[in-house]
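Below is one structure; the comments refer to it alone.
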């Protein structure tokens with residue numbers, strides 16, 4: 001147990017430091033290439049921080065433990081909304097930009113429903129995985145198409161120099177990025193190296209954490225599904241937590257929210273698809289009713305906060321507290337068998 005505890009400590013130290021450099025590298029890369037921090041959050045950061053979930057899903061499926069992969073995918077989404085967004089909003093309220101309200105959150109809701117359709121018959125098979133991967137390909141294509149269209153429109157707007165000046169999305173991004181005075185400018189090469197190396201250390205440290213907590217959980221006799229829903233889910237969501245908190249503290253609330261929205265989309269479309277394709281399996285009914293049900297409920301609750309039913313399109317501190325308490329209650333119910 002002493003060795004496992006030491007591994008946890010080392011993993012945490014590396015995780016926090018590498019996450020700080022990862023945010024710096026991601027934001028600087030966005031600045032150098034005139035890419036919106038929201039796009040970075042929805043792609044590079046989200047895919048990078050979802051890699052631990054993907055790795056765990058592949059490994060567990062190949063080892064004949066698909067329930068661990070399913071629990072990891074669903075549990076990570078629950079942890080992302082309840083733990084990550086809850087804790088981040090308790091530190092700094094998180095406002096939503098209009099583009100994520102109009103495009104990305106609706107996609108996350110649709111993806112959540114799509115995942116429910118694959119789980120409702122309590123069986124995950126090849127065609128379920130194919131459906132999820134097809135949706136992932138469509139999502140990535142949409143991101144690429146929108147980014148290319150935006151760059152073309154911005155280039156035309158700059159060449160025509162309209163009077164009076166009409167603010168474009170690129171203008172907004174430049175103004176937003178210019179406020180990041182605490183992040184020093186660096187060359188494109190140095191930013192890329194910083195981004196890649198920090199991502200490598202993020203993944204290695206998260207894997208070290210997962211290994212340590214799984215070993216500890218097994219020593220105290222916790223079931224495989226519960227490990228996936230809690231210990232592994234929390235461990236693989238730690239990069240999202242650190243990146244989101246660090247981004248919010250640096251003033252990059254867009255990156256924090258985009259990170260979670262993108263990560264949840266990737267978890268449902270990529271991570272959940274892996275056990276479908278590698279190890280088709282039957283799932284217990286409570287995985288759908290209890291675990292997916294809570295994930296759906298938290299996603300719906302996030303929508304209520306985002307679309308301003310309380311008067312503001314943001315996650316306030318009290319609302320962050322609600323998300324966090326809901327997650328704590330869920331984890332407690334799993335371990336106490338409620």
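With the cut-off at 1.5 for a/c, could you classify the range 224-338 from its C-alpha gyration tensor as rounded, prolate or oblate?
prolate
How would the range 258-319 be classified by its alpha-carbon gyration tensor: rounded, prolate or oblate, with rounded meaning a/c under 1.5 and the a/b versus b/c comparison settling the rest?
Here the range 258-319 falls in the oblate category.
Starting from the Cα gyration tensor of the range 213-290, take the square roots of the eigenvalues, sort them a ≥ b ≥ c, and report rounded, prolate or oblate (rounded when a/c is under 1.5, otherwise prolate if a/b is larger than b/c, else oblate).
Note, shape of the range 213-290 comes out oblate.
Once R0 is set to 22 Å, what does the formula 1/(1 + (r/R0)^6) return for the Cβ-Cβ distance between residue 34 and residue 249, expressed as a FRET efficiency to the nearest 0.05?
That pair, residue 34 with residue 249, gives E of 0.35.
The range 1-32 to the range 70-138: how many Å between their Cα centroids?
24
Would you mind calculating the gained length between residue 142 and residue 289 on full extension (0.36 nm times residue separation, minus the Cα-Cα distance), in nm to one decimal?
49.8 nm is the gain from fully extending residue 142 to residue 289.
Where the Cα atoms of the range 54-123 are projected onto their three principal axes, how long is each span, largest first, in whole Å?
42, 26, 18
Please find the FRET efficiency linking residue 58 to residue 335, where r is the Cβ-Cβ separation and R0 is fixed at 25 Å, and quote it to the nearest 0.05.
Rounded to the nearest 0.05, the efficiency is 0.40.
FYI, it's all coordinate maths here, none of it is from the lab. Predicted model only: the values in this text are computed from it and were never measured. Positions of Cβ are backbone-derived with ideal geometry, glycine not excepted, and every protein chain shown enters the neighbour counts.
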